[in-house]
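Before any comments, here is the structure.
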Amino acid sequence: MAAAERFSEQKRVALPGSQKKAYPPFVVSTKKASAASFTVSVVVRPKEAIDTKKLGKPGAVMSRPEYNRRHGADPASVKMVKAFAKEFGLTVEGPTPGRRALHVTGPQPKMEKAFGVALKQHELDGTKYRVREGDICLPEELIGHVDAVLGLDNRPQALPHFRVKQPHATDLSYTPVEVATLYGFPPGAGATGQTIGIVELGGGYKAADLTAYFKTLKQKKPMVTTVSVDKGKNAPTNANSADGEVLLDIEVCAAVAPGAKIAVYFAPNTDQGFIDAVSTAVHDTKHKPSVISISWGGPESTWTAQSTAALDAACQAAAALGVTITVASGDNGSSDGETDGANHVDFPASSPHVLACGGTKLVGSGSTITSEVVWNETAAKEGATGGGVSNVFPLPAWQNNANVPAPSVAGGGRGVPDVAGDADPSTGYVIRVDGQTSVIGGTSAVAPLWAGLIALANAANGTPAGFINPTIYAASAKPAFRDITSGNNGSFSAAVGWDACTGLGSPVGPGIVSLLGKTAASAKAKAKKAAAKKSGAA
């Protein structure tokens with residue numbers, strides 16, 4: 001067979017996990033195809049899979065050079081994808097160190113032929129999207145070398161998890177600093193030397209809002225840097241847009257962790273954009289975030305298997321490199337907004353390699369909490385904390401003793417969330433968005449709240465906490481949490497210990513810092529012992 005026909009003549013095989021559901025019936029179809037070029041991410045297999053059983057254990061964090069050497073893209077797979085792209089007239093860039101995505105660019109007709117798909121333009125709410133359904137079909141030689149092809153379909157993948165407060169006579173509201181005080185975050189502590197990464201799939205912020213907001217808090221304005229991923233931009237519009245998400249994330253984490261730098265990774269709201277944003281943040285050697293906050297997601301059922309695996313792989317990489325990822329668990333209760341009558345959890349909160357953050361309704365003053373229950377304002381149509389049991393990821397070993405309910409399908413079992421914090425918009429956070437002061441809640445506030453606390457702990461303990469789930473589920477960690485035992489999110493109720501509404505509970509600030517400090521000390525001691533042993537052997 002001629003080299004130019006190597007892949008063209010091969011049998012086509014469905015890429016495992018690539019099947020895309022049929023178009024929703026409310027989408028208006030057009031047959032017009034676009035002639036413009038676009039880029040997809042082709043994720044290839046790693047040189048060596050990460051041993052996930054070791055993640056979170058003392059001494060398990062590896063250096064970036066070691067990670068790149070062991071878990072970077074398989075060279076044979078990279079070579080094959082490049083040859084495949086060249087044969088079909090497509091251009092290729094990447095992969096960058098540590099990452100496994102090659103960016104393949106070309107016009108629609110060539111993309112369709114190369115990946116064995118039919119692409120159409122469909123219109124939804126006045127916006128046109130490029131869509132596909134069914135499987136991606138690759139030349140059989142590529143199967144096993146390619147883990148995912150992302151970006152052929154560019155429909156929105158995720159939703160922001162924030163809720164704007166509606167007017168009520170009995171409402172309370174707090175600044176992020178006041179919430180941190182209620183949870184006992186170390187007074188006067190700072191996070192200088194830390195960078196918090198924030199993933200955003202829309203919206204934007206204005207520097208003037210940050211200047212004005214932090215002036216009201218009598219804090220120094222944080223240093224905020226934007227990072228463009230897949231041509232994503234900081235694009236603020238108005239207070240009713242995703243700007244509310246962006247400002248909530250920045251203002252909460254920066255306010256509770258003064259001195260921390262903020263890096264905001266803007267990407268398109270697609271599975272490709274989401275995964276590329278997380279991967280970019282994890283492997284960012286310029287800004288080096290020690291903790292990453294994610295307030296976007298969608299029901300597990302709305303993700304393809306290949307997209308789920310690719311995003312979870314990015315989260316595994318974070319854990320291996322000692323980067324913590326905090327993720328909002330969703331704002332639509334135990335159904336996660338699905339209408340099939342079944343329970344669902346939100347992804348990526350359901351990844352077993354992130355800290356899933358649920359929501360409470362917090363009442364208190366000063367440093368005294370008078371009441372804290374599960375956030376559930378469903379009756380008022382104001383949402384409820386997400387939580388439940390994954391249908392995709394099995395029960396992690398560190399949840400073996402958490403009494404997680406049985407999954408509804410074989411292969412599931414990971415309980416969501418892990419932790420909680422104030423999320424009810426009726427006890428929400430005072431935030432400035434596009435020149436307006438608003439009170440906003442949602443589990444979107446909890447992810448940056450926990451990110452800020454972990455940044456404080458990292459600064460105090462002198463080392464990144466990394467993947468903390470095995471640590472916080474240990475019996476000795478119980479004093480670091482305020483157990484929430486009242487309320488429900490629909491199908492699940494709060495109880496003593498872990499529950500599928502608020503996880504282990506809300507933070508006891510000093511307890512969390514101390515707990516993570518002990519783990520850090522153990523990791524340092526193990527590393528020192530290993531180094532001494534290596535030196536002796538030499």
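The values are calculated or read from the model by the stated rules, or taken from the named source; none is laboratory data. For clarity, every value in this text was computed on a predicted model and none was experimentally measured. Cβ coordinates were reconstructed from backbone atoms using ideal geometry, including for glycine residues, and neighbour counts include every protein chain displayed. These accessible areas exclude ligands, DNA and RNA; they are computed on the full protein's heavy atoms, side chains included. Shrake-Rupley method; radii C 1.70, N 1.55, O 1.52, S 1.80 Å.
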*Considering ALA349, ALA342, ALA445, ALA410, which residue is in contact with a Phe, Trp or Tyr (Cβ under 9 Å, 6 or more places away or on another chain) and on the phi < 0 side of the Ramachandran plot?*
ALA445
*When the stretch 328-360 is examined, which residues are found to be under 23 Å from VAL199 (Cβ atoms), open to solvent by 20 Å² or more (accessible area, probe 1.4 Å) and outside any loop (DSSP other than H, G, I, E, B)?*
ASN332
*asked:* I'd like the full set of residues that are open to solvent by 20 Å² or more (accessible area, probe 1.4 Å) and closer than 18 Å to LEU355 by Cβ, limited to the stretch 485-501.
replied: GLY497, TRP498
*What residue, of GLY203, GLY188, is of a type outside the set (Lys, Arg), free of Cβ contacts under 8 Å to residues at least 60 places away in the same chain, outside any helix (DSSP H, G or I) and open to solvent by 50 Å² or more (accessible area, probe 1.4 Å)?*
GLY188
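Yes/no matrix, rows are residues, columns are (1) aromatic (Phe, Trp, Tyr); (2) within 27 Å of the chain's Cα centre (by Cα); (3) modelled with pLDDT of 90 or more:
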{"site": "LEU138", "(1), (2), (3)": "no, no, yes"}
{"site": "GLU141", "(1), (2), (3)": "no, no, yes"}
{"site": "HIS145", "(1), (2), (3)": "no, yes, yes"}
{"site": "LEU150", "(1), (2), (3)": "no, yes, yes"}
{"site": "PRO160", "(1), (2), (3)": "no, yes, no"}
{"site": "GLN194", "(1), (2), (3)": "no, yes, yes"}
{"site": "VAL199", "(1), (2), (3)": "no, yes, yes"}
{"site": "GLY203", "(1), (2), (3)": "no, yes, yes"}
{"site": "ALA208", "(1), (2), (3)": "no, no, yes"}
*So GLY411, is it within 22 Å of GLU178 (Cα to Cα) and out of contact with any Gly (no Cβ under 6 Å at 6 or more places or on another chain)*: no
*Considering every residue within the stretch 305-313, establish whether at least one is in contact with an Asp or Glu (Cβ under 6 Å, 6 or more places away or on another chain), among the polar types (S, T, N, Q), open to solvent by less than 10 Å² (accessible area, probe 1.4 Å) and at pLDDT 95 or above.*
yes
*Please find, among VAL354, VAL389, the residue that is touching a Leu at 6+ places or on another chain (Cβ under 9 Å), aliphatic (A, V, I, L, M) and closer than 25 Å to VAL323 by Cα.*
VAL389
*asked:* Which pairs turn up if I take residues in the stretch 239-259 that are farther than 13 Å from ASP209 by Cβ and look for partners that are at pLDDT below 95 with beta carbon separation below 7 Å, at least 6 apart in sequence or on another chain?
replied: ALA242/PRO160; GLU245/PRO160; GLU245/PHE162; PRO258/GLY190; GLY259/GLY190
*Hey, does the stretch 485-497 have a residue that's more than 27 Å from ALA60 (Cα to Cα), at pLDDT 95 or above and assigned to a helix (DSSP H, G or I)?*
no
*So which residues in the stretch 314-352 are modelled with pLDDT under 95 and hydroxyl-bearing (Ser, Thr, Tyr), if there are any at all?*
THR339
*Being at pLDDT below 95, out of contact with any helix residue (DSSP H, G or I) (no Cβ under 6 Å at 6 or more places or on another chain) and open to solvent by 20 Å² or more (accessible area, probe 1.4 Å), is that true of even one residue in the stretch 507-519?*
yes
*Of the residues VAL224, VAL282, VAL256, VAL264, which single one is under 23 Å from TYR183 (Cβ atoms) and modelled with pLDDT of 95 or more?*
VAL256
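Let me confirm something: among ASP209, ASP243, ASP230, ASP249, which residue is open to solvent by 10 Å² or more (accessible area, probe 1.4 Å) and among the acidic types (Asp, Glu)?
Details: ASP209 fails: open to solvent by 10 Å² or more (accessible area, probe 1.4 Å); ASP243 fails: open to solvent by 10 Å² or more (accessible area, probe 1.4 Å); ASP249 fails: open to solvent by 10 Å² or more (accessible area, probe 1.4 Å).
Answer to the check: ASP230.
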*Which of the strands (runs of 3 or more DSSP E) contained wholly in the stretch 82-179 include at least 1 residues that are acidic (Asp, Glu)?*
91-93, 120-124, 146-150
